[in-house]
1. Rounded, prolate or oblate: which fits the range 38-143, taking a ≥ b ≥ c as square roots of the Cα gyration tensor eigenvalues, rounded meaning a/c under 1.5, else prolate when a/b beats b/c?
2. Given R₀ = 56 Å, what would the calculated FRET efficiency be for residue 268 paired with residue 109, taking r from the Cβ atoms and rounding to 0.05?
3. In whole Å and largest first, what semi-axes does the C-alpha gyration tensor of the range 132-314 yield when each eigenvalue is scaled by 5 and square-rooted?
4. Mind listing which trypsin sites (Lys or Arg not before Pro) in the range 136-189 are in a DSSP loop and have 15 or fewer other Cβ atoms within 10 Å?
5. For residue 153, what is the net charge nearby, where nearby means another residue's Cβ is under 11 Å from its Cβ and Lys, Arg count +1, Asp, Glu -1?
6. Quick check: residue separation of residue 74 and residue 303 times 0.36 nm, minus the Cα distance between them. What number comes out in nm?
7. Give me the lysines in straight-line cross-link reach of residue 220: C-alpha distance below 19 Å, same-chain residues under 8 apart excluded.
8. Within the range 230-278, list the trypsin sites (Lys or Arg not before Pro) lying in a DSSP loop whose Cβ has at most 14 other Cβ atoms in a 10 Å radius.
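What follows is calculated from the coordinates using simple rules that are stated; it is not laboratory data. All values derive from a computational prediction rather than experimental measurement. All Cβ positions, glycine included, derive from the backbone under ideal geometry; neighbour counts span all protein chains shown.
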Amino acid sequence: MSGTSMDGITAALVIFDGEGVRVLRHRTYPYPPKLLERLGRAARLTTPELSRLNFALGEAFAEAALKLKGRAKLDAIGSHGQTVWHGPGDEPRNTLQLGEPSVIAERLRTTTVADFRPRDMAAGGEGAPLVPAFDRFCFGGGPPRAVLNIGGISNVSFVGKGRLWAAFDTGPGNSLLDAACRAATRGRLEMDQGGRLASQGRADRDKVERLLEDPYFNRKPPKSLDKGYFGEGYLRRHFAPLSPARLPDILASLSLLTALSIARACGRFAPKGERLLEMIVSGGGAKNKCLMEMLREELRGLSLHRSDRYGIPAMAKEAAAFAWMAREALSGRSNNCPEATGAGRGPRILGKIIPP
Ligand SMILES: Nc1ncnc2c1ncn2[C@@H]1O[C@H](COP(=O)(O)OP(=O)(O)O)[C@@H](O)[C@H]1O
Ligand SMILES: [Mg+2]
């Protein structure tokens, strides 16, 4: 799996025993700088360049799987690939994930399931979010809970009593924080490890309240964000000048914006008449102590736990989700979530299967 942060390829070795899922090990392999640079230009590449990139990424994904697997014997691989274009609003709607699965199947001699999003779109859905189906599988059996992933952007699923109530993007996640680090240091700092800088800064609460008036936050789900919406342009519009001296305060304000947008989304859009008691957090943002503290502060009444508590390391959840998607596809079971993607034509089996 690699998400919008493009921090690298996260591989997880997952075993399904009985009804549950266990992550045996996992690791994120950073993209080599040259590959990352090509990915950054993906929308402007020529067709031959894009084709080469697809195969180069296939090799990188295969290498990540090979390294992680060690001597384990794999039944199958699920690969999300790297999204280089997502156009749910286009006519016809379309999406493109790169990381050629034939290369993965060949290098590992293992059945590979990939390209999950297109079928959901062909069935009238937005092709995203896909992970809520896995959230329901893992966490949907108990009382109503919020399952939050803080990746490049943040998204939440409300699951419980065997069902999924809603799933949507709440707003910013790590991408804005990463972009602030890069912009203020001219690329020297890629991220704020542990949220250390943010915790030294002071958040401007009035400004954050003004930013929370953005119409996206008030829109009712289902809704999803274009990854550029809370991107570098947004950062420069609202937080210039970006200098090293101002960085801690900017990171503190962005963290507060993230925490408040999540907390208010839970307040507003949680299932009516149901009481949420717990939030389960995953994604790189779960490692940001400052952000997690702010979230805890704003979510009083909800207990906050990392997904690690349930056997799924925070960084591995989305990768584990695509292992599950692959397993479901290979078992002939539907693995999309029409409630979340709006796939009006109903449940579908997502994923293309490449034999070993
Ligand atoms: N130790 C850490 N401290 C703070 N932030 C972290 C840490 N580890 C990862 N992150 C943040 O998480 C991001 C990656 O999160 P991830 O869940 O992989 O997102 P995506 O799904 O978009 O790839 C990084 O870009 C970084 O901002
Ligand atoms: Mg990632």
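1. Oblate is the answer for the range 38-143, as a/c is 1.5 or above yet b/c matches or exceeds a/b.
2. In this case the efficiency is close to 0.70.
3. Output for the range 132-314: semi-axes of 28, 17, 14 Å.
4. Those satisfying the criteria are 161, 186, 188.
5. Here the count lands on -1.
6. Working it through step by step, the gained length comes to 78.8 nm.
7. Counting by Cα, and skipping residues close in sequence, residue 220 has these lysines nearby: 272.
8. Loop-located and lightly packed - 272, 275.
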